[in-house]
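What follows is a set of notes on a single structure, which appears directly below.
Computed from the coordinates by the stated procedures, all read-outs in this text should not be read as laboratory data. Quantities reported herein were computed from a predicted structural model and do not represent experimental measurements. Cβ: placed from backbone, ideal geometry, glycine included. Neighbour counts: every protein chain shown.
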Amino acid sequence: MCIAVFLWLAHPLYPFFLLHNRDEYRSRPTEPVAWWDNGEILGGRDGLAGGTWLACSRNGKIAFITNVTEVGNVPEPKSRGELPIRFLESKKNPMEFAEEVVMEARQYNGFNLILVDLSCKSMIYVTNRPKDDQALVSEVPPGIHVLATASLDTPWPKAVRLRTNFEKFLEKHGGGELLAKEMADTLMTDATKADKTTLPGIYSIEFEYPLSSIFVEVNTERDFFSGPYSTRSMSVVSAKTSGEVAFYEKYLEEESWIEHMESYMVEHTGTG
């Protein structure tokens, strides 16, 4: 039940600033953030399906994805984690790639996908589970946004809480430098559970309640969980007006939290 809060074209120093928690079974093999084989893509890698939940590239592209909480699955679905990588490897701009994804959207289980190109200042949201009569593809306006496992900016309790805390943090620090570690430790470790009466009710309360916090930890075997399930990593990706991109990750390895940072300058090659 991953969650992310991000700032887009609404800060004097950072055109883009993202905080992201990835929640997953402890037993699922995962590789921490690193440069991939060709040295062009920076991100974590799912050791089972081979894709990613969050990654960026040297030419100024960023992509991240969350599942959609829903009942039922697509038979023999494609891996959702491949979508961010395909975008980063393509020469298409966010809208062009989004239109490509829509053509095959039914082949995936529910997903929310954010596509960013810093070079052309474009951010596109794609989902194959649109809310009500909303479009599958939409341009993301400047401002603060939250993405959990529902449509973009759906006011689930944990999403509202994270957005509010993020806004307070920004107000406190004004338009100055934002420290990745401080923000991750302050905002993304919040284990406060939601009031049970405010849960979305897609599944039972017994399933939704332990997942209703920003930081998730289910350490015991339960009817709805096939083993320990928790927040496996906290990530902060920032892009400065200078062109510097920094990727901070704090990830769980066995029972220890390990942190590291990678940074690089965007290579302006252009897309589309």
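Counting lysine pairs in the chain whose alpha carbons fall under 14 angstrom apart, excluding pairs fewer than 8 residues apart on the same chain, gives 9. Would you mind getting me the FRET efficiency between T198 and E177? Use the beta-carbon distance for r and R0 = 45 Å, nearest 0.05. So the FRET efficiency works out to roughly 0.80.
All C-alpha pair distances within region 1-101, sorted into 5 Å bins from zero, spread as 2, 10, 19, 24, 22, 14, 6, 2, 0, 0 percent across the bins. Distance between the C-alpha centres of region 29-54 and region 163-226: 24 Å, rounded to the whole angstrom. Over all other residues within a Cβ to Cβ distance under 13 Å of I258, the charged ones net out to -3, with Lys and Arg as +1 and Asp and Glu as -1.
Within the shell defined by Cβ-Cβ distances under 14 Å, the residues around L136 carry a net charge of -3, with Lys and Arg each +1 and Asp and Glu each -1.
With contacts taken as Cα pairs under 8 Å and at least 6 residues apart, the chain reaches a relative contact order of 23 percent.
When the Cα atoms of region 63-127 are aligned to their principal axes, the ranges along those axes come out at 38, 18, 16 Å in descending order. Computed on region 142-223, the Cα convex hull volume stands at 106 Å³ per residue.
Where the alpha-carbon atoms of the chain are placed on the principal axes, they occupy 50, 43, 37 Å, in descending order. Computed over all pairs of different Cα atoms, the Kirkwood value for the hydrodynamic radius of region 96-180 is 14.6 Å. Shape annotation for region 171-272: C-alpha extents along the principal axes are 49, 35, 33 Å, from largest to smallest.
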